[in-house]
Amino acid sequence: MTLALAGLAKVALALQAAQATVVGTVLDAETGRPVEHALVALSDVDRQASTDSRGRYTLPDVAPGPHHITVRFIGYAPRTLHALVPREGSLEINVALQPTPTRLAPIDVRPALSIRGVEAWDTSAAADRSVSMAAVWNHPLLSEPDGFKALGGGDVVLDPESPSGVHIRGGASDQTGYLLDGIPVFNPYHAAGVFSAWNPDALAGLRLSTSSPSPDQPEMLAGTIAGETRAPGSAIGAQGSLSTTQGRVTLDGPLVAGSSFLLSLRSASPYFLSKHEASYLRSEVGDWLATIEAPALGGRLRLLGYGNENQISAAAGVEGEIEPVPGRNRFEWRGRSLGAEWRRSLRNLSLRVLAWQALADAGSAWADPSGVMRLQANRQDRGVTASVERQSRRGVTLMGIRLERSLTGYGVAGDSVPSGSWALRAATPVATIFGQHARALGPTTDLRAAASVSSVQGRQYLAPRVQLGWRPSNRLSLVASAARTHQFTQSLRNTESVVGNVFPADLYIGAGAPGVPVARSDQESVGAEYRPTPGVRLGLQAYQRDFTGVLLVAPRTTAPFSTGSFAVGSGWARGVSLDAGMSTARWGIIASYGYEQLRLDPGSAAYVPTQGASHLLEAGVNLFPTATTSIRLGTAGALGRRSTAVSGGFEWEACNLLDQGCEFGGTPGTAGAPGGENLPAYFRVDLGVRKHWHVTLGRRDAVVALFGTLTNVLNRRNVLSYSRAPDGALIPIEMRPLAPLVVGLDWQY
């Protein structure tokens, strides 16, 4: 037995000695460089090895005889060789792999959709709101991305089909401030159908601050919408769109020495498909935006330029008139903003200096039956802000100073002006010291207290703000706030006139002009936010506002702007709003409801303005049946809408593709008391589809998409206002009919 075991051991040792080692190198056949992590396998005996950083591999203890050796690596064509392995020693086999593109099977990765209120980008308090551009693109109620419209709902009101401003908690359009990278922008909206004059391709997102506005922002009664331009990419990129409402393109990328740029251009003309008839609108509309970022003085310097241009021409008479008013009504407005911002972060300090210049010009030739009335309004602001922010274990403290000077002018002249001509001018310098402190009062409670003191023409205006937050659980947060704000420049536009549908520009005049006071608002609000599970958010808020010293034009004129007088009045707003959002990998839902009571008092009879609907409802769903296809269904409704009746001949047809309609004819005035007519309930359902494809251009991935939206699919006859006939009868003016609102394509490279 012992002799048998010894014999077997000798045989095993002999077999072990009769095995060799296979070694070699794997190289790129084109460059000759080693291929790391290539797989070298002996497929017959299920043995394999991986190459090192020099492309070397080793397969020890290989039995002698014929073998198949297979070499593979992603991006290369595989190779299989026949090898005769000797009894002992080593066999060197070097392999050159031919680079070959390898098509991989698609992997469907679907994170939760970015939906307003249900995204990491939204860090605002419960009573305010933020939205990233990813969420704007997924908004189910938008045919094309528009940041302002994406902020709407609940306590933020926009006219449903031809918005002429953003109304926050009962405020007029001129009571909302706009900032791009901290730089003031005036009148950032186009006329009916193409609203926001901020190119969505150039933005990262928007933040709306109303409950507790930051003290380093301009004084506005209602709140501020702050847009942030997106960071340029590491390589030159381009994206844009061409649709039935606009054409736009944005370029961005690196420059030299750590600097970068972003440039966007847009031509927006919703009327280019309109019939070429005298009663149809003619327009030239466009905007541009440019930024440059570069390192400077140990920090970062950002330069921004922005501008928008608008020219609208409408028939002054209507078809069928025996003696039509000759000529055309003309409107034009433009805005320009230039600024430079420098930031630097130290150990626990952040320094910021911002200088800017912003201007707005507006004009009109209004063919009133008694003669042509000419309007010219302008505003030019210059300012600088310097601030320092300090972080410590006790909280965050912000201190700073803002110096600005606003030059405004307003004038009208013509036969229909009672005095022949009327003009106002004002120089309004404002010096403001501001401060803010935020800190935790405990593990579940935090406080933010702020105040600013502004000196205007020898008088001081104190604006305190306070916000208290409480988080009783990880799912529930509560917030209460109170704020006093002032506004030193107001508008002389008649917001009750239907002309605002095509001429939404605010016509500014500053405090210090004869009869123009400083407006003031006191606001209190409470809000709650509940997130039962990830991807689900429920919000609730209640608010009240009281404001005094506001300019009211509607009670004193029937024209679309002041012709020589205005009222100084007060008002109040009370409201409750609810909003909800839900997001999964395949669908997202957004819904909001707002109830508001709003009154303006010019010192005589109080009235409800056009934006003062009692009930507002918006809801929509964005469904992704596949990774490249989305279907959107949205609905909007309103109850308790008010309007001021139209006097004089008037023809109106909202822009639509069904019959190429885009009509605004006549020289309508207002008839009766402001807000004197109740409008029927408004209800609309829209349906949209989008499909995109990925294509390879060079070595980069590009995305091309087709989209379209059918608006008012139920063909409901919604009413914009009423026209009062000579016999006193009210004739309804209908809004947009059943029509494909937008059809187009967009791309990103």
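The values are calculated or read from the model by the stated rules, or taken from the named source; none is laboratory data. Keep in mind it's a predicted model, so treat the numbers as computed, not measured. Here Cβ is always computed from backbone atoms with ideal geometry, including for glycine, and neighbour counts include all displayed protein chains. Just the protein is used for accessible areas: all its heavy atoms, side chains included, with ligands, DNA and RNA removed. Shrake-Rupley method; radii C 1.70, N 1.55, O 1.52, S 1.80 Å.
Points to keep in mind about this one:
- Criterion applied to ALA585, ALA559, ALA591 was being in a loop (DSSP other than H, G, I, E, B), touching a residue at least 12 places away in the same chain (Cβ under 8 Å), under 27 Å from the mean Cα position of the chain (by Cα) and more than 16 Å from GLY170 (Cβ to Cβ), and the one residue passing it is ALA585.
- Restricting segment 698-709 to residues that are of a type in the set (A, V, I, L, M) and at pLDDT 90 or above, the residue that is farthest from PRO674 (Cα to Cα): VAL703
- Taking every residue in segment 457-474 that is in contact (Cβ under 8 Å) with a residue 24 or more places away in the chain and pairing it with any residue that is open to solvent by 70 Å² or more (accessible area, probe 1.4 Å), at least 6 positions away or on another chain, the pairs with Cβ-Cβ distances below 6 Å are ALA463/ARG484.
- Evaluation of ALA367 against (1) in contact with a Ser or Thr (Cβ under 7 Å, 6 or more places away or on another chain); (2) at negative phi; (3) surrounded by fewer than 17 Cβ atoms within 10 Å (Cβ to Cβ) (one fails), failing number: (3)
- Here the condition is being surrounded by fewer than 20 Cβ atoms within 10 Å (Cβ to Cβ), touching a residue at least 24 places away in the same chain (Cβ under 8 Å) and part of a strand (DSSP E or B); of GLU404, GLU389, it holds for GLU389 alone.
- Qualifying residue in segment 217-231 (condition: among the charged types (D, E, K, R) and under 30 Å from LEU468 (Cα atoms)): yes
- Taking segment 594-615 as the range and being free of Cβ contacts under 8 Å to residues at least 40 places away in the same chain and not in a loop (DSSP other than H, G, I, E, B) as the test, the residues that pass are TYR595, GLN597, ARG599, ASP601, HIS615.
- Leading residue by the ranking (modelled with the highest pLDDT) among those in segment 111-162 that are closer than 17 Å to VAL621 by Cα and basic (Lys, Arg): LYS149
- Condition met for ARG344 (basic (Lys, Arg) and under 30 Å from GLY666 (Cβ atoms)): no
- Filtering VAL576, VAL646 for residues that are open to solvent by 40 Å² or more (accessible area, probe 1.4 Å), touching a strand residue (DSSP E or B) at 6+ places or on another chain (Cβ under 9 Å) and outside any loop (DSSP other than H, G, I, E, B) leaves a single hit, VAL576.
- All of THR635, THR709 fail the test of being assigned to a strand (DSSP E or B) and buried (at least 21 other Cβ atoms within 10 Å of the Cβ), apart from THR709.
- Residue in segment 501-524 that is open to solvent by 30 Å² or more (accessible area, probe 1.4 Å), outside any loop (DSSP other than H, G, I, E, B) and aliphatic (A, V, I, L, M) present: no
- Restricting segment 673-706 to residues that are under 30 Å from GLY649 (Cα atoms) and surrounded by fewer than 17 Cβ atoms within 10 Å (Cβ to Cβ), the residue that is nearest to the chain's Cα centre (by Cα): PHE683
- Subset of segment 76-95 that is within 13 Å of LEU39 (Cβ to Cβ) and without any contact (Cβ under 8 Å) to a residue 60 or more places away in the chain - its residue that is surrounded by the fewest Cβ atoms within 10 Å (Cβ to Cβ): THR80
- Segment 45-58, subset in contact with a Phe, Trp or Tyr (Cβ under 8 Å, 6 or more places away or on another chain) and assigned to a strand (DSSP E or B), residue least open to solvent (accessible area, probe 1.4 Å): ALA49
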